[in-house]
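Q: This is the structure I want to talk about, given as structure tokens.
The values are calculated or read from the model by the stated rules, or taken from the named source; none is laboratory data. Predicted, not measured: the structure shown is a model, and the values here were computed from it. Positions of Cβ are backbone-derived with ideal geometry, glycine not excepted, and every protein chain shown enters the neighbour counts. Each accessible area value is taken on the protein alone, full model and side chains, heavy atoms only, with ligands, DNA and RNA left out. Shrake-Rupley method; radii C 1.70, N 1.55, O 1.52, S 1.80 Å.
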Amino acid sequence: MENSRSAVATDDKLLLRALQGRSVERAPFWLMRQAGRYLPEYRAIRKEVPDFLSLCYNPDLAVEVTLQPIRRYGMDAAILFSDILVVPDAIGVKVAFQQGEGPVLEPIRTAQALDQLSLERLHDHLSPVYATLTRLRAELPAQTALIGFAGAPWTLAAYVVEGGGSKDFAAARTLARREPELFARLIDLLADAVVAFLDRQVQAGAEVLQLFDSWAGALPEDQLELWCVRPVRRIIAELRARHPAVPVIHFPRGVGLSLGHVARQVEARAIGLDTAVPMGEAVRLLPPSLCLQGNLDPVDLVAGGAPMLERLERLRAATRGRPWIFNLGHGVLQQTDPGEVQRLCDELRRVPA
Ligand code: 1CP
């Protein structure tokens, strides 16, 4: 039986209350990429490890960097420190992060290459991530929710086929058009891996899950349906069946006018809005019970000062009466001044009149 004290504590977390559609005294907030290179204490830890993935797979260090922004700013949620590319790494795609160059992957473009990948070693490989979550759950302040995450299948496939980052992911989109059956096998494998990974994240202590579909906006309508909407809908349905109380936030970056369709189809508990979506339009377009998350421009946080706080006021006004989680429209930029993050968080913690 569940310990009743911890059940009450969980229930009290502002982020969870907003995701359940319950009343909150102020909007909960966290920031995508709240841990990372804009923080000097992150850069100090990063120097201790030979490469970025070693940081993701070291529970002592991953716990520490997850907690760094919470200690400074007291966000309402901590997001596991890891990366979306640990999933390709765990199914057998070789992944490396080269200093200053971003990720480099062994590209998967043929049936033979795809046949080499499997789920067999997934949990073994990702066990340090589960250990990190369990320790975080024990160490976080009682009011701070713990967010686990994964990349959505299309975004992962885009990196896997391309062999790294790209402006337009043309190789991945071309393979999807030319060899839809092969591409569907890759998407299905990634979707199975994501379900298994997120299921274990919840068992290890994650209370909320976010699916990052950072490159959803690269797909035209029919392809968006095949490679984003359908697999994400399946992932969310399977997670809901296993963990009905755990909310999923979907972040389909860049989908523009398809936002309403995507949101209705995938049935996430909340939708992450990117920088380009006008909040007032999102409020009109999306179902009233759907929790909205977003979407201050990360550049507004770099620029900082009073104009940033004015943008925040506009978001507050546009979302009044709606379940809303404050976030950025994309991750914190490296050149961000930690003092401006403090200014923003102080204002977010103030309960508006
Ligand atoms: O050397 C370093 O310090 C590496 C910088 C870095 C960091 C701090 C990378 C490399 N990843 C991360 C952490 C990270 N990545 C988190 C940690 C938790 C937090 O938010 O605080 C998360 C959630 C991610 C997710 C992630 N990784 C996404 C989805 C979100 C997004 O930004 O769109 C993507 C696309 C990645 C890939 C990735 N990882 C790192 C880089 C440089 C990239 C992008 C490569 C490209 O430009 O395509």
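Q: ³J(HN,Hα) across segment 28-45 via Karplus (A = 6.51, B = -1.76, C = 1.60, θ = phi - 60°), whole Hz, x for Gly/Pro?
A: x, 9, 8, 10, 4, 6, 5, 9, x, 5, 6, 9, x, 5, 5, 4, 5, 5
Q: Same structure, new question: Nearest 0.05, what FRET efficiency do Ala306 and Ala276 give at R0 = 25 Å with Cβ-Cβ as r? It would help to have the intermediate numbers written out before the result.
A: On the way: r = 24 Å, r/R0 = 0.94.
Working from the Cβ atoms, E equals 0.60.
Q: Could you compute the longest span of the chain free of GluC sites (Glu not before Pro) located in DSSP loops and having at most 11 other Cβ atoms within 10 Å, not counting the site residues? All intermediate terms of the calculation are to be shown ahead of the outcome.
A: Details: sites that count: Glu2, Glu25, Glu101, Glu120.
It runs 121-353.
Q: Quick check: the angle from helix 338-349's long axis to the longest principal axis of the chain, C-alpha only, nearest 10 degrees?
A: Helix 338-349 sits at roughly 60 degrees to that axis.
Q: If you don't mind, there's one more thing I want to ask. Using a simple spin-label model with points 7 Å from Cα along the Cα→Cβ vector, what separation in nm is obtained for Glu179 and Arg284?
A: My value for the distance between the label points is 4.5 nm.
Q: Roughly how tilted is helix 153-162, in degrees to the nearest 10 and between 0 and 90, from the longest Cα axis of the chain?
A: Approximately 50 degrees, to the nearest ten.
Q: For the chain, what % of the accessible area comes from carbon and sulfur atoms, probe 1.4 Å?
A: Numbers: 7640 of 15200 Å².
Of all accessible area on the chain, carbon and sulfur atoms account for 50 percent.
Q: When ligands, DNA and RNA are left out and all protein chains stay put, how many square angstrom of accessible area per residue does segment 2-347 have with a 1.4 Å probe?
A: For segment 2-347, the solvent-accessible area averages 42 Å² per residue.
Q: Between Gln20 and Glu221, what is the spin-label point distance in nm, taking each point 7 Å from the Cα along the Cα→C-beta axis?
A: Result for the modelled spin labels: 4.0 nm.
Q: Further question: Full-extension gain between Arg233 and Glu48, please, as 0.36 nm times their residue separation minus the C-alpha to C-alpha distance.
A: Stretched out fully, the Arg233 to Glu48 stretch lengthens by 62.6 nm.
Q: Same structure, new question: Taking R0 as 30 Å, what's the FRET efficiency between Ala171 and Glu313 from their Cβ-Cβ distance, rounded to 0.05?
A: Given R0 = 30 Å and the Cβ-Cβ separation, E is 0.10.
Q: Mean residue ellipticity at 222 nm from the helices of the chain, using -39,500 (n - 2.57) per DSSP H segment of n ≥ 4 over the full residue count, to the nearest 500 deg cm²/dmol?
A: On the way: 18 runs with 181 residues, N = 353.
So the calculated ellipticity at 222 nm is -15000 deg cm²/dmol.
Q: How high is the FRET efficiency between Arg137 and Asp188 when r is their beta carbon distance and R₀ equals 51 Å, given to the nearest 0.05?
A: 0.95
Q: Could you list which residues have their amide H under 5 Å from that of Asn295, counting only those 5 or more apart in sequence or on another chain, with H placed in the peptide plane?
A: It is Asn327, by chain and number.
Q: Work out which trypsin sites (Lys or Arg not before Pro) in the chain are exposed loop sites (DSSP not H, G, I, E or B, at most 14 other Cβ within 10 Å) and give the longest gap free of them.
A: Numbers: sites that count: Arg22, Arg37, Lys94, Arg121, Lys167, Arg320, Arg350.
Longest gap between qualifying sites, sites excluded: 168-319.
Q: Just how far, in whole angstrom, is segment 26-73 from segment 179-203 if you go by their alpha carbon centroids?
A: Centre-to-centre distance over Cα atoms comes out at 27 Å.
Q: Right, another one. Past 31 Å, Cα to Cα, is the threshold; run Lys94/Lys167; Lys13/Lys167; Lys47/Lys94 against it and keep the listed order.
A: The answer is Lys13/Lys167.
Q: I've got another one for you. With charges set only on the Cβ (+1 for Lys and Arg, -1 for Asp and Glu), what does the dipole of the chain come to about its Cα centre, in debye to the nearest 20?
A: 800 debye
Q: Across 10 Å bins from the origin, how do the percents of Cα pairs in the chain run, short distances first?
A: 5, 26, 36, 26, 7, 0, 0
Q: Quickly work out the Arg240-to-Asp12 label distance, labels modelled 7 Å from Cα along the C-beta direction, and quote it in nm with one decimal.
A: 3.1 nm
Q: Still on this model: Among DSSP bridges having both ends in the chain, what percentage is antiparallel? Round to the nearest 5. Don't skip to the answer; put the middle values down first.
A: Values: 5 of 29 bridges.
Rounded to the nearest five, the antiparallel share is 15 percent.
Q: A further question on this structure: Roughly how many Å² of His125 are accessible to a 1.4 Å probe, to the nearest 10?
A: 50 Å²
Q: Enumerate the calculated ³J(HN,Hα) couplings along segment 317-327 in order (Karplus 6.51 cos²θ - 1.76 cosθ + 1.60, θ = phi - 60°), each rounded to whole Hz, writing x wherever the residue is Gly or Pro.
A: Once θ is set to phi - 60°, the couplings for segment 317-327 become 5, 5, 9, 3, x, 10, x, 8, 10, 6, 7 Hz.
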